[in-house]
1. Give the lysines reachable from Lys121 as a straight Cα distance under 27 Å; neighbours fewer than 8 places away on the same chain don't count.
2. Which value at 222 nm does the chain reach when only helices count, each DSSP H run of 4 or more adding -39,500 (n - 2.57), with the total divided by all residues and rounded to the nearest 500 deg cm²/dmol?
3. If a/c stays under 1.5 just call it rounded; otherwise compare a/b with b/c (prolate if a/b is bigger, oblate if not). Do that for the stretch 101-206, with a ≥ b ≥ c from the square roots of the Cα gyration tensor eigenvalues.
4. For Ser140, Ser96, Ser180, Ser135, which order do you get if you count the other beta carbons within 10 Å of each Cβ and list the fewest first?
5. Would you look at the GNM of the chain, springs on alpha carbons closer than 10 Å, and say which of Gly118, Gly145, Gly28 moves the most?
6. Would you mind checking which residues have amide H under 5 Å from Asp57's amide H? H placed 1.01 Å from N; only 5 or more apart, or other chain.
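What follows draws every value from the coordinates through simple rules; no lab data is involved. Nothing here was measured: the structure is a model prediction, and the numbers come from that model. For neighbour counting, all protein chains shown are included, and Cβ atoms are generated from backbone atoms with ideal geometry for every residue, glycine included.
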Amino acid sequence: MQHLGNIFLYNNNTVNKELYHQNLEKMGYFLFDTDNLHKFSLYNKEMTPNVLLFDFDGHTPIEFISSLERKFERSSIPLIVVSEAPRALIYHPSISHYLTHDEARKRLLDILESYCIGNKKHHILYINLKPYERSDFAKSVRNSGYSMFEVHNINAAKAYMEKNAPTIICINFQPALSKSRKLFSFPKTFYVENTQNIKEVEQFLN
């Protein structure tokens, strides 16, 4: 049986465990699920997933951050973390997406489809390497009715661009701008300086 994509789930959230299996497997994804980080990393060597998904019950333990740094920092596979931990605690350069459980219910399927299936045509790919700066920009874009796919590292952006075609790319870290332009050969790429960039976005899109 051919699956839509391979998803590796590290999950210590017993409430959501069955929901992942019922929904994702029913939709046609292959789902490997464990609450053992060592087993998770071993299986990662046996089969290449499209996405790594971590779901934590309550606050993310500090030891997870160090384990994550040792095992997955250099991975080119997008890593999604679903947790209620404060963003300042959970954020790490290897994390491609950080979602609360409420945000996951709204956005997770779109993220998985983008990496596994592709053919998405979001208005904006937002490479947000400093997610605690200019947080109003993403909100302004969405409030204006534009679709956005937001990532927090370059590897995730590369994985997204392999299967999808946004109209423009926005980057929230100026030193990464020239590198990203060369990497993606994408003409409509600019640096987000403030929320007023929404006007520049509209000029490109309209």
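1. Within the straight-line limit of under 27 Å, Lys121 reaches these lysines: Lys26, Lys106, Lys130, Lys139, Lys158, Lys163, Lys179, Lys182, Lys188, Lys199.
2. -11500 deg cm²/dmol
3. Rounded shape, in that the Cα axes give a/c under 1.5.
4. Ser135, Ser140, Ser180, Ser96
5. So, out of Gly118, Gly145, Gly28, the one fluctuating most is Gly145.
6. Asn12, Asn13
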